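Remarks on the structure that follows.
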Amino acid sequence: MTELELLAQHVSEGLAAPQKALSPAWFYDDEGSRLFQQIMALPEYYLTRAEHALLEARGDELAALIDPAGQPLDLVELGSGDGSKMLGLLGRLRARNPGTVYRPVDLSEHALTELARRFGEQLPELTLAPVRGDYFNAWPPAGAGRRQVALYMGSNLGNQDQPGALSLLRRIRGKLRPGDALVLGLDMVKDPRVILAAYHDGQGVTARFNLNLLARLNRELGMDFALDRFAHYACYNPLDGAARSFLVSALTQEVHSSHLGRSFHFAAGETIYTEQSQKYTPAMVQALAEQSGFEPAGLLLDEAGWYGLAFWRVADKG
Ligand SMILES: C[S@@+](CC[C@H](N)C(=O)[O-])C[C@H]1O[C@@H](n2cnc3c(N)ncnc32)[C@H](O)[C@@H]1O
């Protein structure tokens, strides 16, 4: 299926469901990738800074976990975005092991172009092999005798609910071989007010990012969403540790798609569920590793306990 066919199928199903929903994977067209770069710089959006600071503060430790013996190594980053946070860690890994290859996989051409520019300027000695596509369909094959370490950063796993996270982790596990490993960047449970503010910033950038999804559907599926008839809404529920974002229809309306040849009805106040951002406790991280067939081998937390880097191994055949 082409990307457009996938989007068309996703939207037909998602907007016809009793609770309308769209997957956050579709946020990242070129404009969405640009807006996400702005989000990462927002004062309220602590996640990127916390992950970056942790990668710097504990980078040597993480590099030693990833590459203990200097074997030929491929780092496959799933949904790398512009990769800016990874420069320090990749510099450390390249210094330990000149044969290290960085294979960022992303759907967004804009993100990969930005990544190649940045790495070309700041870490030209690293072997870079970007892959544009869906991470599972485009997963780069492991070369003979080379270890693969998958990186899934930016709390991207948190976009999945519990069954979705398990199934995604099991698919990653299915791509890896004994001796390989996975690094996960995970946002930890903390003060709910801090979490909510990260999805509801004062400058309205998160709102523009959420609404951009509708602009994308207008462009790619010939839809006629009026963006000023929808509003961004975010909430955080400490009972299940999930922040959730929605688009709320301000009035009763019909939205038509010329590409799909159909309309969708919205009641006043009806919501489209667009994103979940799960927060984790150390016990949840341990349980996820075990349930998805990995061996948890380290959870590096920052001093405040706000953010974690989990290191999971694929056990050697015993
Ligand atoms: C939230 S951004 C995170 C970027 C970066 N990892 C970080 O931590 O800042 C998610 C990235 O994943 C990419 N992405 C989402 N779903 C994907 C998929 N199925 N295959 C490949 N890339 C995907 C998006 O294009 C986007 O660049």
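Observations on the structure shown:
- Positive minus negative residues near A25 (Lys, Arg vs Asp, Glu; Cβ under 13 Å): -4
- Using R0 = 25 Å, the C-beta based FRET efficiency linking E31 and E125 works out to 0.15.
- Calculated P(r) tail over 38 Å for the chain, as whole % of Cα pairs: 15
- Taking only the Cα atoms of the range 110-262, the radius of gyration and Dmax are 19.8, 60 Å.
- Using θ = phi - 60° and Karplus 6.51 cos²θ - 1.76 cosθ + 1.60, couplings along the range 49-62 (whole Hz; Gly, Pro as x): 5, 5, 5, 4, 4, 5, 5, 6, 5, 10, x, 5, 4, 5
- Extended-chain gain in nm, criterion 0.36 nm per residue less alpha-carbon gap, R171 and A53: 39.6 nm
- Listed by chain and number, the lysines whose alpha-carbon sits under 24 Å from that of K190, ignoring those within fewer than 8 places in the same chain, are K85, K279.
- Computed over the range 1-145, relative contact order equals 20 percent, with contacts defined as Cα pairs under 8 Å that lie 6+ residues apart.
- In Hz, Karplus ³J(HN,Hα) per residue of the range 141-153 (6.51, -1.76, 1.60; θ = phi - 60°; x = Gly, Pro): x, 7, x, 4, x, 9, 7, 10, 10, 8, 10, 10, 9
- Against the empirical 2.2 N^0.38 Å (N residues), the range 210-318 has a Cα radius of gyration ratio of 1.57.
- The heavy atoms of H200 offer some 110 square angstrom of accessible surface to a 1.4 angstrom probe.
- Relative intensity, log₁₀ I(q)/I(0), of the range 1-92 from a Debye sum that treats every alpha carbon as a point, q = 0.11, 0.12, 0.14 Å⁻¹: -0.52, -0.60, -0.75
- Computed from backbone phi with θ = phi - 60° and the Karplus coefficients 6.51, -1.76 and 1.60, the 3J(HN,Hα) list for the range 176-190 is 9, 10, x, x, 6, 7, 9, 10, 10, x, 10, 7, 8, 4, 7 Hz; x is used for glycine and proline.
- Normalised by 2.2 N^0.38 Å, with N the number of residues, the alpha-carbon radius of gyration of the range 89-148 equals 1.16.
- Residues of the chain: accessible area per residue with a 1.4 Å probe, Å²: 43
- Annotation: average projected area of the range 55-112 is 3.8 square nanometres, based on the convex hull of Cα atoms across all directions.
- Measure of compaction for the range 266-318 (Cα Rg per 2.2 N^0.38 Å): 1.71
- For the pair H265 and T113, a Förster radius of 51 Å applied to the C-beta separation gives a FRET efficiency near 0.85, rounded to the nearest 0.05.
- Distance histogram in 10 Å bins (all Cα pairs of the range 1-157, percent per bin): 10, 35, 34, 15, 5, 0
- Segment L6-N137, extension gain: residue separation times 0.36 nm, minus the distance between their alpha carbons: 45.8 nm
The values are calculated or read from the model by the stated rules, or taken from the named source; none is laboratory data. Everything numeric in this text was worked out from a predicted model, so none of it was measured. Quick reminder, even Gly has a Cβ in these numbers, built from the backbone with ideal geometry, and neighbours come from all protein chains shown. These accessible areas exclude ligands, DNA and RNA; they are computed on the full protein's heavy atoms, side chains included. Shrake-Rupley method; radii C 1.70, N 1.55, O 1.52, S 1.80 Å.
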